[in-house]
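The block underneath contains the structure these notes are about, expressed in structure tokens.
The values are calculated or read from the model by the stated rules, or taken from the named source; none is laboratory data. From a predicted model like this one, the values you see are computed outputs, not experimental measurements. Note: ideal-geometry Cβ built from the backbone for every residue, glycine included; neighbour counts use all protein chains shown.
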Amino acid sequence: MAEIQRKKVKKRSQLKALWFQYKKNKLAMFGLILMSLMILTAVCAGFFLDYDTQVIGQSIRSRLQWPSAAHWFGTDQYGRDLFARVIWGSRISLFVGFFTVGIAMTLGSLIGAFAGYYGGRVDNILMRIMDVFLAMPGTIMAVAIVGALGPGIINVLMAMSICRIPQFARIVRSAIISIRGQEFVEAARCCGSRDLRIIFRHILPNAVGPIVVQATIGMATTILGVAGLSFIGLGIEAPLPEWGSMLSEAKSQMMYQPYLMFFPGIAIVLAVLALNLIGDGLRDALDPRMKT
């Protein structure tokens with residue numbers, strides 16, 4: 001019982017130290033606040049926006065109106081309120097980013113952990129498979145997968161998840177290799193702990209730093225990747241509001257109604273900026289050389 005209490009106190013103290021280091025970075029705090037506001041807005045969008053009337057409801061009389069008090073971001077060529085579509089689009093873009101990274105992080109961490117822990121033939125087989133995926137740029141691979149399976153949110157999730165797995169596997173493998181020979185791992189082996197318990201209970205928790213940093217950066221690149229797929233017609237299909245598809249629909253009107261591209265574009269920039277700032281802040285906070 002006393003041992004469990006000491007572990008809880010130690011974990012709380014480590015989190016406090018991490019938070020203390022993180023909040024000293026003003027840009028990282030700005031990114032955290034910005035992303036928190038975007039997540040809160042996306043979660044609460046259903047409470048103040050009606051999907052059928054405000055998001056996908058069309059009105060020929062209201063088409064291509066510039067921003068005004070009635071329509072804060074203006075309306076598109078179908079008379080749909082752009083503000084409602086950008087806000088609702090954050091639900092889709094952030095969900096795809098979080099879900100994709102969650103799947104890739106889970107599978108990639110497992111592959112990297114087993115490869116780094118066992119080494120030898122297991123390491124060679126798993127890493128050569130990852131090298132095959134890494135040999136092709138992620139965007140091209142995603143286009144190929146979605147092109148073969150067809151557009152749609154499920155296929156986009158599958159494609160983006162597959163593209164991110166090798167990155168997590170490589171990072172976790174390198175972290176495991178540097179940890180597996182330490183004394184606490186040898187002590188766990190001497191106590192008779194099984195390999196799975198050692199990996200999940202002792203090694204992976206000590207490699208969480210690089211995993212979290214890669215996750216934030218991966219979410220940013222995923223949001224950009226999904227927007228790119230939707231822009232070329234291989235991503236989220238209409239009438240779902242997605243930032244990339246909104247940019248694609250607006251390209252024919254950008255000379256006369258530039259606001260149609262401005263607001264979805266700004267949403268993408270802010271989301272990617274916030275996630276990159278969070279990732280930079282976490283990297284600095286987890287780096288022992290940055291602690292003063």
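Beta carbons closer than 6 Å, at least 6 apart along the sequence or on distinct chains, pair a first residue in segment 201-227 that is under 23 Å from Val156 (Cα atoms) with a second that is outside any helix (DSSP H, G or I) and modelled with pLDDT under 80 for Val226/Gly235. For the structure I just gave you, tell me whether Ile129 is in a helix (DSSP H, G or I), at pLDDT 85 or above and either among the basic types (Lys, Arg) or surrounded by fewer than 18 Cβ atoms within 10 Å (Cβ to Cβ) (or both). Yes: the conditions hold for Ile129. Would you confirm whether or not segment 258-279 contains a residue that is at pLDDT below 80 and either among the β-branched types (Val, Ile, Thr) or over 18 Å from Gly112 (Cβ atoms) (or both)? Within segment 258-279, not a single residue is at pLDDT below 80 and either among the β-branched types (Val, Ile, Thr) or over 18 Å from Gly112 (Cβ atoms) (or both). In the condition set (1) over 17 Å from Leu240 (Cα atoms); (2) touching a strand residue (DSSP E or B) at 6+ places or on another chain (Cβ under 7 Å); (3) buried (at least 19 other Cβ atoms within 10 Å of the Cβ), Ser62 is compliant with all but (3). Within the set Phe73, Phe95, Phe83, the sole residue that is closer than 26 Å to Ala220 by Cα and surrounded by fewer than 15 Cβ atoms within 10 Å (Cβ to Cβ) turns out to be Phe95.
Go through segment 232-271 and give me each residue that's basic (Lys, Arg) and part of a loop (DSSP other than H, G, I, E, B).
none
Between Ala115, Ala135, the distinction of being surrounded by 15 or more Cβ atoms within 10 Å (Cβ to Cβ) and more than 30 Å from Lys251 (Cα to Cα) belongs to Ala115 only. Exactly one residue out of Ser248, Ser230 is surrounded by fewer than 22 Cβ atoms within 10 Å (Cβ to Cβ), within 25 Å of the chain's Cα centre (by Cα) and in contact (Cβ under 8 Å) with a residue 12 or more places away in the chain, and it is Ser248. The test for being more than 20 Å from Ser36 (Cα to Cα) and over 14 Å from the mean Cα position of the chain (by Cα) does not hold for Arg283. Tell me, please, whether a residue that is out of contact with any Leu (no Cβ under 8 Å at 6 or more places or on another chain) and surrounded by fewer than 16 Cβ atoms within 10 Å (Cβ to Cβ) can be found in segment 212-222. No, there is no match, as no residue in segment 212-222 is out of contact with any Leu (no Cβ under 8 Å at 6 or more places or on another chain) and surrounded by fewer than 16 Cβ atoms within 10 Å (Cβ to Cβ).
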